[in-house]
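Reviewing the structure listed below.
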Amino acid sequence: MTFTSENLGGHMAVAVGGIDLNRLPDPATQAALRDQLNHNLVLCIRGQQLAPPAFRDAMARFGTPMLRKQLASTEECAEVNIISSEDRDVLGDGKKLVNGASWHTDDSFMREPCSLTMLYGVVVPSRGGDTQFINMHAAYDALSPEMKARIDGLQVVHKYQSSRQTNRVSKRPEDEMKAMPEATHPLVRTHPETGRKALYLNANRMEQVVGLERAESDKLLDELIAHAIEPRFQYRHVWREGDIVIWDNRATMHKANADYPEGERRLMHRVIVAGDAPY
Ligand code: SIN
């Protein structure tokens, strides 16, 4: 199977075309797609039309799909979550909920956060609703030698509901909240496949740097976040219906934008695949 490729963001993100994932790629094509993802961190596969089980099966070629109860799932396939303009905080105040509206990496409150997220644009608005990404390898590389030495070896506690949180997250049942894990992860992680270092930040989930006083920890995390979100490290994905966008949570942050016209629909199907404990 051959495919076309188009560089999207310069320093990250590539789009490939000429693939119909209703037919699973042969091993050589799958390896080439994985290579594109490893080098570009965001891989867009254009022009798909997939029922939830076919979406799950195609994504399973990249890793083991995982169940997540925090989001609704499709009826046909529990591993395919729904992110929609119709999402509401049903157990909370019932108001509209925009999942992922501030910079984050998926799942960092888990001890083994998912490695990849796949979002499939089933219905996209006429304008707006872009997803923004940050290349966290580039953000790490651009730090001063002094800052690299300072943060080397530091660990950070991540929580589902961090006290630093700026984005509203959906209220969950009490028993689920109590059982919600927290995890301690390195501030700088090494990508297990490429060996490159990346800043590992999650603006919405980080609680505190281990061993630092709260004020000093907040100052350091705020400084690193302000650095990482500089426009020079960003790519903004403008969705086309049928895009599948796959990103590497081990070396990116991302953010949803709910700036599309009132009354227009945005419907995404999402799969995440298993990862390892960061090191
Ligand atoms: C997410 O944060 O996973 C959702 C991104 C989006 O809807 O653009």
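The values are calculated or read from the model by the stated rules, or taken from the named source; none is laboratory data. Fair warning: this is a prediction, and the values are worked out from it, not measured in the lab. Cβ: placed from backbone, ideal geometry, glycine included. Neighbour counts: every protein chain shown. Surface areas here come from the heavy atoms of the whole protein model, side chains and all, with no ligands, DNA or RNA. Shrake-Rupley method; radii C 1.70, N 1.55, O 1.52, S 1.80 Å.
The table for this structure:
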{"read-out": "Test result for residue 214, open to solvent by 60 Å² or more (accessible area, probe 1.4 Å) and farther than 21 Å from residue 132 by Cβ", "value": "yes"}
{"read-out": "Residue 76 vs. criteria closer than 20 Å to residue 255 by Cα and of a type in the set (Asp, Glu)", "value": "no"}
{"read-out": "Filter result (without any contact (Cβ under 8 Å) to a residue 60 or more places away in the chain and within 18 Å of residue 137 (Cβ to Cβ)) within the range 177-225", "value": "187, 188, 195, 196"}
{"read-out": "The range 249-274 - residue that is more than 13 Å from the ligand (Cβ to nearest atom) and closer than 23 Å to residue 11 by Cβ and, of those, most open to solvent (accessible area, probe 1.4 Å)", "value": "250"}
{"read-out": "Conditions (1) more than 17 Å from residue 106 (Cα to Cα); (2) crowded, with 18+ Cβ neighbours inside 10 Å: number failed by residue 65", "value": "(1)"}
{"read-out": "The range 84-131: number of residues that are surrounded by 14 or more Cβ atoms within 10 Å (Cβ to Cβ) and on the phi > 0 side of the Ramachandran plot", "value": "4"}
{"read-out": "Of all residues in the range 132-162 being small (Gly, Ala, Ser) and free of Cβ contacts under 8 Å to residues at least 12 places away in the same chain, the one that is least open to solvent (accessible area, probe 1.4 Å)", "value": "144"}
{"read-out": "Test: residue 1 is part of a loop (DSSP other than H, G, I, E, B) and open to solvent by less than 20 Å² (accessible area, probe 1.4 Å)", "value": "no"}
{"read-out": "Residue tally, condition of a type in the set (S, T, N, Q) and farther than 20 Å from residue 181 by Cβ, over the range 151-166", "value": "1"}
